[in-house]
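Below: the structure, in structure tokens.
Derivation of every value follows stated rules applied to the coordinates shown; laboratory data play no part. Since we're looking at a predicted model, the values are computed, not measured. Here the Cβ is made from the backbone with ideal geometry for all residues, glycine too, and neighbour counts use every protein chain on show.
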Ligand code: ADP
Ligand code: MG
């Protein structure tokens, strides 16, 4: 806050200024991110109690999970039998007691006769109705000072907060106080015409209804307002970025040498599918059009995206340009490098590899070759555009498995003075609105056809006790000349332990289970040459069973491998499992994916296993994944340089996304520097929210 000027807005008023909040309580509030009055208003109830979810005590049933509320009529430490705390509550229809066997002293201090509380838990019956160790909330202290409406907000609390009197109840009282005192200091952040257009609640009103809803409808309205506001500002950020990074209307106009392309297509060991041809025609038009291509290519795992990438790059190369292919991992970059080099052997194309783990001298040499135009086609990881790489004449960039990257590469490229055509490829189907929001304006091509002759993959889920029989099965198939993957999860948090587990498992498998075959262990910590050597041997069939961590998740292509065994499958996400499964079923022989988990796994994990058994359709898998995880985590909004969403969900609220996008873009179109008086509030709010995400110089 500015020392002399009086604070006007809730976002400038320190929480300590609110009556009853002193130094100590302010420190406690800071632990949950509350520094200003606005932060407090943004502290959302974690749930609400109302008639639809609170059960009268007279209607509870044994073994049901319910919430009841009532006045505390007795608090007693019972010494007969096992020592326990008994808290009786009464709600005018009956009596129920909460029982605590542990931390009796702590809890007996919390509950006091006369206060109103809520208990949530499973109902048991022992003489009367009981709940053992229920979740509880204090709704009001004895002689409650705040009228509790029909809908009661419950707030997240915790040790640090409770210690200074901020139980769910204490927080509610504070919010109430803050709203009474500072409601008029809540600034509106949306222009009047938008509030009117959608009949949104004014911001101050929305806070009031979020914390002390007068009805279900008003509560819903409050959230609708905050969702819209949040999405509006996110789209405003997109709109401004787009303005700044907007590609010039002119792109490279390429004179593609059709005869060169034809010779290469003819040399392929297979015929392109109809879908591949269609997509290539679309790309061909783009490259000749003079407009910069910005195209998203979606195609399920195994649909043959790589060859489309290759031919796209060759179009540009035949027209005298350089092309770059970016892969999400080094191992995949290497694999593309070796297979593309092999395919292009008969042709006059110079291929280079640029990845982080090259030796400094090799890297420098590659940089120079790229700069001087001595390589035509460069394959690499993200390093390709992050590092000080200068291209001689970059014509097209292909980005593989886009879902693992951020979205700003195009901007990065443009900032480096390049405006190449861009093709991004992904196996994750993304709904149209989302694609627009995440990637800005782009065209979408879809490969909706798998190459012919693919055998469907059979997927089964088994528990660990079945492993010996699964190993027998693998032995039989490998004797027939087929190959197998066995995958172990490694999660970052416990990388060392997991890696050790994988190593132990590998040694056991090699020595005890499959002594007659050659096995190898592949993981991310190996040196590049080692990884490459192992992959090469596996490709040539010299290694029959590859034990691996998830480094093979994307893109690895060995058609002779027919079995994918995934241990601890419950630790993987659905899309990851689908990617892993996509490593088999690439040849003409029948393939299997075997998911192994402990007998006891969570319900969500169970649903994932069932989804994997039920379908091999990547689109269905993605939908299910979205349903199970929610869109934020699924798309990693943050990794896309977008703000975290606290209210809205990009999928569930697709309609609001669309409206907010239209409005934000229209606003920027009309007032690109946010100079109009009616947009002053928008400007202020935008600066506050995104000062770190956006170079303010661009709108100043
Ligand atoms: P993804 O779309 O998952 O990247 P790939 O490009 O790795 O798939 O292709 C999977 C496999 O299918 C590869 O072995 C590739 O050579 C093969 N393939 C691609 N297109 C065809 C085709 N038209 N006919 C037969 N096989 C093909
Ligand atoms: Mg691929």
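In plain terms, the bigger the Kirkwood radius, the slower the diffusion; for segment 32-91, with that radius from Cα pairs, at 25 °C and 0.890 mPa s, Stokes-Einstein puts D at 162 µm²/s. Between residue 646 and residue 371, the contour length at 0.36 nm per residue exceeds the Cα-Cα span by 94.5 nm. Sorted ascending by nearby beta carbons within 10 Å, beginning with the fewest, 542, 122 become 542, 122. Under 12 Å from a label point set 7 Å out along the Cα-to-Cβ vector of residue 480, the amide N atoms of segment 591-614 belong to 591-592. Projected label points at residue 673 and residue 600, each 7 Å from Cα along the beta carbon direction, are separated by 6.6 nanometres. Kindly state, to the nearest 0.05, the FRET efficiency for residue 512 paired with residue 460, given R0 = 35 Å and r defined as their beta-carbon distance. So, using R0 = 35 Å, E works out to roughly 0.90.
Here segment 43-79 and segment 460-517 have alpha carbon centers that stand 49 Å from each other. Counted over the chain, the DSSP beta bridges are approximately 35% antiparallel. Legend: Rg and Dmax of segment 63-221, from Cα coordinates, 19.2, 68 Å. The simple spin-label model puts a point 7 Å past each Cα toward its Cβ; for residue 23 and residue 419 those points are separated by 6.0 nm.
Evaluated at q = 0.11, 0.12, 0.21, 0.22 Å⁻¹, a Debye calculation over the C-alpha positions of segment 248-367 (equal weights, vacuum) places log10 I(q)/I(0) at -0.41, -0.49, -1.38, -1.45.
Averaging the inverse of every distinct alpha carbon separation and then flipping it gives the Kirkwood radius. What is it for segment 443-504, in angstrom units? Walk me through the intermediate numbers first.
Numbers: mean 1/r = 0.0638 Å⁻¹.
Radius from the Kirkwood sum: 15.7 Å.
The order of 20, 381, 273, going from fewest to most other C-beta atoms within 10 Å of their C-beta, is 20, 273, 381.
Model label points for residue 197 and residue 216, set 7 angstrom from Cα along the Cα-to-Cβ axis, are 3.0 nm apart. Put simply, segment 457-635 fits an ellipsoid with semi-axes of 25, 18, 17 Å; these come from the alpha carbon gyration tensor as the roots of five times its eigenvalues, largest first. Go ahead and run the numbers for FRET between residue 126 and residue 92, Cβ-Cβ distance against an R0 of 22 Å, rounding to 0.05. Once rounded, the FRET efficiency stands at 0.45.
Where does each of 188, 476 land when they are ranked from fewest to most other beta-carbon atoms within 10 angstrom?
Working: 188 14, 476 10.
Starting with the residue having the fewest Cβ neighbours, the order is 476, 188.
Taking the centroid of alpha carbons for each part, segment 213-246 and segment 573-620 are 36 Å apart.
Computed extension gain for residue 527 through residue 177, at 0.36 nm per residue and net of the alpha carbon distance, reaches 119.9 nm.
Å³ per residue of the Cα convex hull, for segment 47-154?
Details: hull volume 10.9 nm³, N = 108.
Residue-normalised Cα hull volume stands at 101 Å³.
On full extension of the chain, what length is gained from residue 267 through residue 76, given 0.36 nm per residue of separation minus the C-alpha to C-alpha distance?
Numbers: separation 191, 0.36 × 191 = 68.76 nm, distance 8.59 nm.
Full extension of this stretch gives 60.2 nm more.
Can you give the FRET efficiency to the nearest 0.05 for residue 392 and residue 258, using r as the Cβ-Cβ distance and R₀ = 30 Å?
Working: r = 24 Å, r/R0 = 0.80.
It comes to 0.80.
For the chain, report the translational diffusion coefficient in µm²/s to the nearest whole number, using Stokes-Einstein at 10 °C, 1.306 mPa s, and a Kirkwood Rh over Cα pairs. Reported coefficient: 54 µm²/s.
Give the angle, between 0 and 90 degrees and rounded to the nearest 10, that separates the Cα long axis of helix 495-508 from the longest principal axis of the Cα atoms of the chain. Approximately 50 degrees, to the nearest 10. Annotation: for a label point projected 7 angstrom from Cα along Cα→Cβ of residue 443, residues of segment 299-338 with backbone N closer than 16 Å are 309, 312-313, 315-316.
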